[in-house]
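See below for the structure under consideration.
All of the numbers you see were taken from the coordinates with simple rules; none came from a lab. Only a predicted model underlies this, so the values are computations on that prediction, with no experimental measurement involved. Heads up, the Cβs are rebuilt from the backbone with ideal geometry, glycines too, and the neighbour counts pull from every protein chain shown.
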Amino acid sequence: MKPDRTKAPKFGTIEDIHILKPQIIRFSNGIPVYMIHDPLSEVVKFEIVFDAGEWHQNKPLIAKTCNSLLQEGTKSHDSAEIATLIDHIGAYSGFNVDKDVASAMLLCVPHRLDQALPVFEEIVKYPTFPNRERDIFLSNAKQRHQINMQKVKFLASKEFFTLVFGNNNPYGVVANLRDFDNVTLKSLKDFHSSMYSSSQAFIILSGKITDKMIEKISAHFGEPFGQKTKATRKAEKPSDVSGNQVFIPVEGAVQSAIRIGRRMFTRNHPDFMEFQVLNTILGGYFGSRLMANIREDKGFTYGIGSSLSAFRHDGAFSIASEVGSDVCQEAIDEIYKEMEILKTKLVPASELDTVRNYMLGTILRNMDGALAVSERLKSVIVSDVTLEYFRQLAEAIKNIKPVKMRELANKYFDRKDMIEVVAGNPINKKKK
């Protein structure tokens, strides 16, 4: 049979989302181990996650530098030897730090895991932060920072999040040039010994898992290590800066960077899931209203989007775009116009159906296989929710009504609550 290409395929609605559920055990040192088994997988992914993100540093750059230098030298191997060992095993190691946590990841074929684990254990537990590698990393990072400080989008984002969270809150702090000279060997060792601890860590194991594999991992990571104290830093409430309008002059800038938004909430907030739908309609995907208006209709920008950032202790809603300097104010007016429409008019059923299927399809794609589920699992553990969050999110997407979205728009899209930051050519400064 030949398909009739003159007719569009039938439009179907996603009814159910199957999520691989992890098995949970604990090592003798108390570390929880979340296991997502996939017998068909050809690899195994081992990731250990610590409460060692930027939230826990006592001065800028410590968390990022510490995590980035883990594999640059240990008590037994220098950086070249570590790279050679990992490469010879056929494994891949990855390191990441964000606002709340830091992680170290090892990816390899199952029968090579026992060879990779001793090297990986040294990387995680016994880094030495060699002077040469530390100096090179900080020098390169400082140069990137100096380049970024000339970019309007970096300047606008930096100021926006400082205003949202406050300059004493780790979510709002951005490093300055002086901070690069204040990262000492002692500060890195102190941070590592206190934060990279079995008392504030969890492990996610995904792929083709065996009992022998778990025993091997336990032999390397099942005993206590690091300091035994838990991280206790408390959330700091920022001062009320809603309604702030800030302009950052950048002489000669061809484009102006726009950041508009406000402080919001964590994943545990009762409005979080339904607001995700409203955000997607406004600017959360390529077919959004902001894209249709400001990119496709007005031609002011190549891209514009809105997002909801959810951290462990706080969150923010933001709209971001870079537009031509001569149309900056018009673009801002159109952004507020689209928010005002959502506050006054119901979203049509056809548009809502499209967004529902897009969002449900995204959840399905993000849950495709054990390795993909492991990434989602990490995000919900950090947010103090469970994988049921995604099933609940799917239900919220399927059941939300246009009236509810209008209510949310009126609750959260009030212009007087918005922080507005523009970085660009002074001739485009917003008149007050």
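Things worth noting here:
- Net dipole in debye of the chain [+1 Lys, Arg Cβ; -1 Asp, Glu Cβ; about Cα centre; nearest 20]: 780
- Cβ-placed point charges (K, R +1; D, E -1), dipole of segment 29-186 about Cα centre in debye, nearest 20: 700
- The relative contact order of segment 61-114, computed from alpha carbon pairs under 8 Å that lie at least 6 residues apart in sequence, is 30 percent.
- Per residue, the convex hull around the alpha carbon atoms of segment 314-382 comes to 162 Å³.
- Think of the chain as having a plus end and a minus end, set by charges on the Cβ of Lys, Arg, Asp and Glu; of 188, 319, 92, 319 sits farthest toward the positive end of this dipole.
- Vicinal HN-Hα couplings computed from phi for segment 100-111 (Karplus, 6.51 cos²θ - 1.76 cosθ + 1.60; Hz; Gly/Pro x): 10, 9, 10, 9, 10, 10, 10, 10, 7, 6, x, 6
- For residue 96 and residue 345, the difference between the fully extended length at 0.36 nm per residue and the C-alpha to C-alpha distance is 85.4 nm.
- Positive minus negative residues near residue 117 (Lys, Arg vs Asp, Glu; Cβ under 14 Å): -1
- Sorted ascending by nearby beta carbons within 10 Å, beginning with the fewest, 362, 344, 301 become 344, 362, 301.
- Between residue 25 and residue 395, the simple spin-label model (points 7 angstrom out along Cα→Cβ) gives 3.2 nm.
- Extents of segment 279-432, taken as max minus min of Cα coordinates on every principal axis and listed largest first, are 52, 31, 27 Å.
- log₁₀ of I(q)/I(0) at q = 0.12, 0.13, 0.14 Å⁻¹ - the chain, Debye sum with one point per alpha carbon: -1.14, -1.27, -1.36
- Taking 7 Å steps out from each Cα toward its Cβ at residue 286 and residue 144 produces label points 2.7 nm apart.
- Cut-off under 5 Å, modelled amide H: who pairs with residue 321 long-range: 258
- Residues of segment 110-141 with amide N under 17 Å of the 7 Å Cα→Cβ point at residue 212: 110-118
- Simple spin-label estimate for residue 75 and residue 415 in nanometres, 7 Å along Cα-Cβ: 6.3
- Build a GNM of the chain with springs between Cα atoms under 10 Å apart, and of 349, 141, 257 the one that fluctuates most is 349.
- Separation of alpha-carbon centers, segment 31-89 and segment 254-278, rounded to whole Å: 31
- Separation of segment 99-126 from segment 363-406 is 28 Å, based on Cα centroids.
- Shape analysis of segment 85-191 places it in the prolate category; the axes a ≥ b ≥ c from the Cα gyration tensor give an a/c of at least 1.5, with a/b above b/c.
- Within-15-Å neighbourhood charge of residue 210 [Cβ basis; K, R +1; D, E -1]: 0
- Dividing the mean sequence gap of close Cα pairs (under 8 Å, 6+ apart) by how many residues the chain holds gives a relative contact order of 21 percent.
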